[in-house]
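Heads up: the structure comes next, in structure tokens.
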Amino acid sequence: MLAFFVLVLACAGAALYVLRYGEPQRHQYIYMFQAYVYPKEVPKRPETYTGVWTAWRATGMKASEIGYREGVFHGMYAEWYPNGQKACEGMYADGKADGKHVRWFSSGTPSNEAEWKNGKADGTWTTYYRDGEKKSEAQYRDDRLHGTRTEWDETGKVTGVTRFENGRPVNE
């Protein structure tokens, strides 16, 4: 497979930008260029860009990787902390969040998990304490709370349970 990538040396600060098309990470020489100093700001992406846009930190570590189709989020979206730990990941379809999205603390423990459908909250949403214990869990349907929302304190004790229907609490 032929991989194509463009390198542009910016005069201000001698930053090196990497614009990737296809799968240049598989190319044996791309790793040589990752050792250079990369910009603190991501270069402007062309408005009609299709492909994976990767941003790098000054240390050469990956900062983010975002899929686009004709300038709109489409496909995988991921970010990394400066320590190399993944910060978040999720999928997009035609600019809208779709499927499971996960965010982690810089330590690597989960921070929250959310399910999306066509850009709307739809499914289970869970938040966690830094030690990995559940903080809350709620059910969504069509961007509204629908079902049970449960909250826990840091010791794991349930502190609240509320039922919702179409975004409104239900008295039982």
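Computed from the coordinates by the stated procedures, all read-outs in this text should not be read as laboratory data. From a predicted model like this one, the values you see are computed outputs, not experimental measurements. Don't worry about glycine lacking a Cβ; one is built from the backbone with ideal geometry, like all the others, and counts go over all protein chains shown.
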Segment 45-170: Lys pairs at Cα distance under 25 angstrom, eight or more positions apart or on different chains: 21
When a/c reaches 1.5 or more, the comparison of a/b and b/c decides; with that in mind, is segment 45-170 rounded, prolate or oblate per its Cα gyration tensor? oblate
How about segment 137-168: which trypsin sites (Lys or Arg not before Pro) there lie in a loop by DSSP and see at most 14 other Cβ atoms within 10 Å? 157
Within segment 94-111, find all residues whose amide N lies under 14 Å from a label point positioned 7 Å from the Cα of residue 72 along Cα-to-beta-carbon. 94-98
